[in-house]
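**Student:** Dumping the structure here so I can ask a few things about it.
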């Protein structure tokens, strides 16, 4: 009887450990990595008629009408009430919105904030706003804030255990030069969000936006096509027949 009881307890404990491990192993983040040597990453704001794309669905439809397929999309830097970019926005080497270096309240202005940009040489970089320089070889750029990781260190204003929880998305650069996009599936504070980028090996990472954030990542079975954004990131490829 004691043997049976002991065996039953052992089974219950083992099952509990299995359940807990299963729950713990579920990744609370949607992650998408871009190899710029093989994939085409760009920023999008308006179509050829000057209309803001706004939603991922609108961008997807436009891309498919242009005989391309959409592999990934996510909202980029923050935007104003009229859906224009907040701070710097460069598209096809043209500065469509200037760098914002003013002091104000809000996440965007939590210094240091920063800039994500793509060069004409197919290289991605993230730097603080104060270090950004347009050398004429920047194909695309979006400004946002705050920085999440700066030279391998978490933003100094973030606090472990903070109750400031929200859905968040961001972008980082991996050691091999790949771009990594992350969207939290559930509310998370800045410290934990930045820590995740650091755990991936990002020396620099930039916060993009909060509860409004959406991502289209069919490879991860994550499909969100709504929203009313300013600028959008997208990876496109040849349309499959």
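**Student:** Any residue that is more than 24 Å from residue 42 (Cβ to Cβ), surrounded by 18 or more Cβ atoms within 10 Å (Cβ to Cβ) and within 12 Å of the chain's Cα centre (by Cα) - is there at least one of those in segment 186-193?
**Tutor:** Checked segment 186-193: at least one residue is more than 24 Å from residue 42 (Cβ to Cβ), surrounded by 18 or more Cβ atoms within 10 Å (Cβ to Cβ) and within 12 Å of the chain's Cα centre (by Cα).
**Student:** Here are 182, 171, 231, 235: which of them is in contact with a helix residue (DSSP H, G or I) (Cβ under 7 Å, 6 or more places away or on another chain) and surrounded by 19 or more Cβ atoms within 10 Å (Cβ to Cβ)? Don't jump to the end; show me each part of the working.
**Tutor:** On the way: 171 fails: in contact with a helix residue (DSSP H, G or I) (Cβ under 7 Å, 6 or more places away or on another chain); 231 fails: in contact with a helix residue (DSSP H, G or I) (Cβ under 7 Å, 6 or more places away or on another chain); 235 fails: in contact with a helix residue (DSSP H, G or I) (Cβ under 7 Å, 6 or more places away or on another chain).
After ruling out the rest, the residue left standing is 182.
**Student:** For segment 169-191, give me each residue that is part of a loop (DSSP other than H, G, I, E, B) and within 21 Å of residue 219 (Cβ to Cβ).
**Tutor:** Across segment 169-191, the qualifying residues are 174, 176, 177, 178, 185, 186.
**Student:** Take segment 32-45 and flag every residue that is in a strand (DSSP E or B) and crowded, with 16+ Cβ neighbours inside 10 Å. Before the answer, list the steps.
**Tutor:** We begin by selecting, within segment 32-45, every residue in a strand (DSSP E or B); these are 32-34, 40-44.
Listed by number, the residues that qualify are 32, 34, 41, 43, 44.
**Student:** Filter segment 128-152 down to the residues that are surrounded by fewer than 18 Cβ atoms within 10 Å (Cβ to Cβ), within 22 Å of residue 199 (Cα to Cα) and out of contact with any helix residue (DSSP H, G or I) (no Cβ under 8 Å at 6 or more places or on another chain) and list them by number.
**Tutor:** Scanning segment 128-152 gives a single hit, 151.
Read-outs: derived from the displayed coordinates by stated rules, not from any lab. Because the structure is a prediction, the values reported are computed rather than measured. Counting neighbours? That spans all protein chains shown, and the Cβs are built from the backbone with ideal geometry, glycine included.
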